[in-house]
Amino acid sequence: MKKQLVTLGILFTAVSLSAQMKNTEADTVRIQSIEDVNLHKTGNPNKARPLSTKSNLTIMETPQPIAIVTHEIIEQQQAKQLSDVIRNVNGIYLTSARGGSQDSFGGRGFTFGNDNIFKNGARVNSGVFPEVTGLERVEVLKGANAMLYGNVGPGGIINMITKKPRFEFGGMAGFSAGSWNSYKPTIDIYGPLSKNIAFRVNGAYEYAESFRDLVESKKNYFNPSFVFNLSDKTQLIVEGDYLYHTFTPDFGIGSVTDNATGVSRLATEVSRNQFFGTNWQYQTNQQATTDIILNHQFNKAWSLNAVASYQNYTKDYFSTERVQWLYDSSKNNFNPSWSRPLGRSYNEQNYTSLQINVNGEFNTGSFNHKVLLGTDGDYGQADTYAYKIDANTPVVLYLNNPSSWTNEGPMPTTTRSSRNRIDTKRYGFYAQDLISITKQLKVLAGLRWSSIQNEDTKVKNFATNLETPTPNSGTKETAFSPKVGLIYNPDENLSVFATYTNSFAPNSGFDEAGYALKASTVDQYEIGIKKNLWNNAIGVNLTGYQIINRDTYTAPYLPSGTVALYRVYAGSVRSTGLELDITGNPTKNLSLIGGLSYNKTIYTDTPDNGFVENQRLVRTPALTANASVFYTFTEFAKGLKIGATAFYTGDRKAGWNDVKGQKQATRMIDVDGFTTVDISVGYEWKKFMIQGRVGNLFDVVNYNVHENYSVNPITPRNYYFTLTYRL
């Protein structure tokens, strides 16, 4: 805790805030405002200037789909965690984390990891449930973003933008409560400290039990920030946040697997509330982030943005492990059992990064250029501690004998046995130019050179107190990542584009000889249309894409029928899809969000020991859809707001994809699609607002599944209300 408190004392971040600055001269600093007035007025993301593109390009000039969820949407939907926010972005879907330990996402057939999640433009560890009350908005850049961010996964990136200081006094205090004894007080205060300095402080405490027996969660969040207008051309914003979250790891109801055939199914005969862990297991996450960003305007055409960030992340985990019921039909044994194992680990990550972006605009003859020149680098140190569990005699539970489903028992003692340390160094240089050949026809060309190096893993044995490297476990990869786009803008409200991008993605694990795996190369092709309608108040975007990952790896089956620890080349993955977004406020009273996406991600060109070809990847739904409608009364029943949201996740395959030549019949489990509907009602009177929500109105039963053992039921019908007082 001491380390986190010291870190908290120097927490910093910075982003653009020109709305709080007086533009009295033609060349006065004009740094993009986080409080995007036009965006909040129209709700149309096509009218915004996103921060995540690192450039001065508008969304209509950017040849890729970009989704923005504003704080108005977050607040009116009473979102409790990031997954509640992201479900407003079609094509991005919630997958399941092992043990329900974090918000885990996928997009366009690919999973999002640490390399896909950012906060204020800086990469952050994704192994937490981020606090959403402090978010100004969430930007999602779909598709490949390697040219800007290096080795990110091909599905897209999520950039969480936190609320920033203002030069007028204000804020709010709130209290939320709901089903299963959940409650959450929040505070948000901002204002000027002087003519050129402003502050903002966000904070929250949350306690929640669960529809799952014995499962509970406690969270503390603190987010101070300051803005310094150093001159009329230079601005510095410092910000940081600290998150402490302790909760019960929960692997859900598990699956039932036939030992003879390997065929699995969900254990749906188990009640949604039944918890199979112990009454003492826990996971505690702490995350402290610090950022400093400097914005400087050289003149009307050229500006600089520099970002330095630091993150400390820890995870302390001691819990029962995967729930996997086993029975042997060949012996006519229909008494599925599970020997409940235990797992204990501690992880710590320290991560520092720096990026510098220079934007400029100039003409060469009749051509106009908008250029971005940048460089970034980071250094991370990841420690994983292993433990020996003393007197670990697994408790055996039987699926058809509820009397064996015990949660009792003492917490075993543990001894720290070893530490694995991996140092990672990344850096890159990139340049991008938007060339206006004519007023309507534009070409975007960009190129990045990247280097990523994972040092050999260092293993420390605490019994001998010796530390030794693991030979050949490290890797070093360099790559060029080009991006080429063609944009046709006949007017400011229509954009037609086509793009090609190439990226690389590191692979974890090692081959049969013990060497680390080489990185994958990924190609993406995309076409799309962006159109503003209804007096520019609604944005309608249609996109089609194809992504090809040419280098994938899998753990093969051995002649014994077991799965090898090493990995072998497994062929290519091809993702093809179509996405439709409709977002905006057609009137000042009405807010609309809608989307529909289709995706098919399959294995192709696989070798004899690779995955079965043309088989959909597990955990990738073919269809997802979202809809949200909110209406605010301004005359009759003035102050009343009503709304409804609906979210659909299509049929999925859980478990593992099949491998050619495997002895088991299949390792995949069919999971049906589902739709949840929420309804909301609120009333605002003077400085007070009260809101109520019924979640999962029709009490739909379904599951999020991580592989085949962490099977977590979705939340049943629930009730939630929020009381807010605005200062």
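Here are some notes:
- When residues of the range 504-520 are limited to those that are touching a Gly at 6+ places or on another chain (Cβ under 7 Å) and assigned to a strand (DSSP E or B), the one nearest to LEU148 (Cα to Cα): ALA505
- Residues satisfying the stated conditions in the range 84-122, i.e. outside any helix (DSSP H, G or I) and small (Gly, Ala, Ser): GLY91, SER96, ALA97, SER101, SER104, GLY106, GLY107, GLY109, GLY113, GLY121, ALA122
- When each of ASN359, ASN299, ASN312 is tested for being touching a residue at least 60 places away in the same chain (Cβ under 8 Å), surrounded by fewer than 16 Cβ atoms within 10 Å (Cβ to Cβ) and in contact with a Lys or Arg (Cβ under 9 Å, 6 or more places away or on another chain), the lone residue that passes is ASN299.
- Only one of THR666, THR715, THR676 that is of a type in the set (Val, Ile, Thr), within 23 Å of SER210 (Cβ to Cβ) and surrounded by fewer than 19 Cβ atoms within 10 Å (Cβ to Cβ): THR715
- Residue in the range 463-478 that is farthest from THR58 (Cα to Cα), counting only those that are surrounded by fewer than 16 Cβ atoms within 10 Å (Cβ to Cβ) and either in contact (Cβ under 8 Å) with a residue 40 or more places away in the chain or not hydroxyl-bearing (Ser, Thr, Tyr) (or both): ALA463
- Among the residues of the range 511-530, the one identified as without any contact (Cβ under 8 Å) to a residue 60 or more places away in the chain, within 28 Å of the chain's Cα centre (by Cα) and more than 18 Å from PRO154 (Cβ to Cβ) is ILE529.
- Single residue of SER503, SER508, SER481 found to be without any contact (Cβ under 8 Å) to a residue 12 or more places away in the chain and under 23 Å from GLY155 (Cβ atoms): SER508
- Residue-level check: of (1) buried (at least 16 other Cβ atoms within 10 Å of the Cβ); (2) not in a strand (DSSP E or B), LYS638 misses just (1).
- Residue, nearest to ASN333 (Cα to Cα), within the range 371-404, restricted to residues that are of a type in the set (A, V, I, L, M, F, W, C) and not in a strand (DSSP E or B): LEU399
- Test: residue in the range 379-389 that is more than 30 Å from ILE253 (Cβ to Cβ) and either among the hydrophobic types (A, V, I, L, M, F, W, C) or exposed (fewer than 14 other Cβ atoms within 10 Å of the Cβ) (or both): yes
- Among the candidates GLN81, GLN76, residue that is more than 30 Å from TYR282 (Cα to Cα), modelled with pLDDT under 95 and not charged (D, E, K, R): GLN76
- Checked against the criterion of being surrounded by 14 or more Cβ atoms within 10 Å (Cβ to Cβ), in contact with a Ser or Thr (Cβ under 8 Å, 6 or more places away or on another chain) and assigned to a loop (DSSP other than H, G, I, E, B), the candidates ASN407, ASN368 yield just one match: ASN407.
- Contacts under 7 angstrom Cβ, first residue in the range 406-429 being closer than 15 Å to ASN461 by Cα and in contact (Cβ under 8 Å) with a residue 12 or more places away in the chain, partner in a strand (DSSP E or B) and of a type in the set (Asp, Glu), 6 or more apart: ARG419/ASP383; ARG421/ASP383
The values are calculated or read from the model by the stated rules, or taken from the named source; none is laboratory data. The model shown is predicted, which means the values in this text are computed figures rather than measured ones. For neighbour counting, all protein chains shown are included, and Cβ atoms are generated from backbone atoms with ideal geometry for every residue, glycine included.
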